[in-house]
Amino acid sequence: MHLEPNVMRLAVPSKGRLQEPAESLIKAAGIKYRRRDRSLFAHATSLDLAILFVRPDDIPVLVAEGAADLGIVGQDLVHEHGCEKRVEKLLDLDFGHCRLCVAAPDRSRIKKVKDLAGKKLVCSMLQSARSFFKKHKVRVDLVEVSGSVEVMVALGLADAIVDLVESGDTLRDNGLSVIETISHSQAVLIGSKQPRDAALSGLVQRRLKGVLTAQQYTLLEYNIPRARLKDAEKIAPGFESPTVSDLEDLKWCAVKVMIPKKKSVEIIDQLEALGASAILETQILNCRL
C-alpha cells in the first residue's frame, strides 16, 4: 500500500485503552476502512482520507509536525509532549477519562506533597511530574517507567508514584492512596494548524461531533391531550422545540422530542403522570444540531 503525500491523515492509537473506543467512534461516523494485518495505515473507503495506526505517544508530535492532520489522543499526552500550543484542540470525545495523580503507600507517613521532599518517585508522565513538583517547589528524584507503575513501591524502587488513574482499583490493590491530583484528562480530537484539506477536516469533525451529540440524547415519542401540551413542553422542551402532529382525535396530538439520555427515565415518569400515553424511547445513532 502507498500513502500519497497530499492525502488527509487521521492518526488513531494502535494500542492501549483508547484504541477500541477511538476506532468505534470513527466507524460510527461513517468512516469505513479495511486494515490489513500489521499495516501502519488504511484508506477510508468513501473519503480521501488515510487512517494512521500509531503509538499513542507519537500522535501529538505527528499532528504538531504536520505528518498527520487529525489525531485522537489523550489530552494528557498532548501536554506531556509540549504540543498544546502547536496543535488545535477540536473536540472533547468523552471517553478515556482519567487523572494524573501522586500516590503513596497507605501505611507510610507521606500524606501530602511536601512530605515527598527528597524521596524517589517512579512516574509514567515524566515532564508533567517535573512541572508539578517544580511548581510546588518540592525536590524529588523522578524515575520514568512504562507499565506496572503501581508495583514499583512494593519492589522497593520508589517511595511513591505519579501515574494515570481511572477507577483507582489498581492503586488499592497495591496498598496505595492518592495524595494529590495533578490533572484530569480525556480523549480529544486534535488537529494540525495547516491541514492538507481544511474542508475534509471540517467534515470529519462534524461527523464525529454528530455521533458524540447522539450519544447524549435520545428520541422520545408520545401522545398527549392537546390541553396539556404546554405543560409537557415544560418537562421536555427539546433541543429547540418539539415536533407536534395532529391525531385523528383533534383533542390529542403526537409529539417527537429530543431529550437528554441521562434524564430519560425521569422525564418519562413526569409525562406519564401528566397524562401522556404510548410513550416510546428510541436510540439516536447520529445527528446534526
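Yes or no, residue by residue, for (1) surrounded by fewer than 17 Cβ atoms within 10 Å (Cβ to Cβ); (2) assigned to a loop (DSSP other than H, G, I, E, B):
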site	(1), (2)
GLY96	no, yes
LEU100	no, no
ALA103	no, no
ARG107	yes, yes
ILE110	no, yes
LYS114	yes, no
SER131	yes, no
LYS134	yes, no
*Give region 1-32 a look and list any residue that's farther than 12 Å from ALA67 by Cα and in a strand (DSSP E or B), or say none.*
VAL12, PRO13
*asked:* Restricting to region 71-87, name every residue that is over 14 Å from LEU18 (Cβ atoms) and either of a type in the set (A, V, I, L, M, F, W, C) or surrounded by 16 or more Cβ atoms within 10 Å (Cβ to Cβ) (or both).
replied: HIS79, GLU80, HIS81, CYS83, ARG86, VAL87
*Give the residue that is nearest to the chain's Cα centre (by Cα), with candidates limited to residues of region 153-181 that are under 17 Å from LYS111 (Cα atoms) and part of a helix (DSSP H, G or I).*
LEU171
_Qualifying residues in region 211-259 (those that are in contact with a helix residue (DSSP H, G or I) (Cβ under 9 Å, 6 or more places away or on another chain) and small (Gly, Ala, Ser)) - the one modelled with the lowest pLDDT_ = SER241
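The values are calculated or read from the model by the stated rules, or taken from the named source; none is laboratory data. Just so we're clear, the structure is a prediction, and the values are computed from it rather than from any experiment. Reconstructed Cβ throughout: ideal geometry from the backbone, glycine too, with neighbour counts over all protein chains shown.
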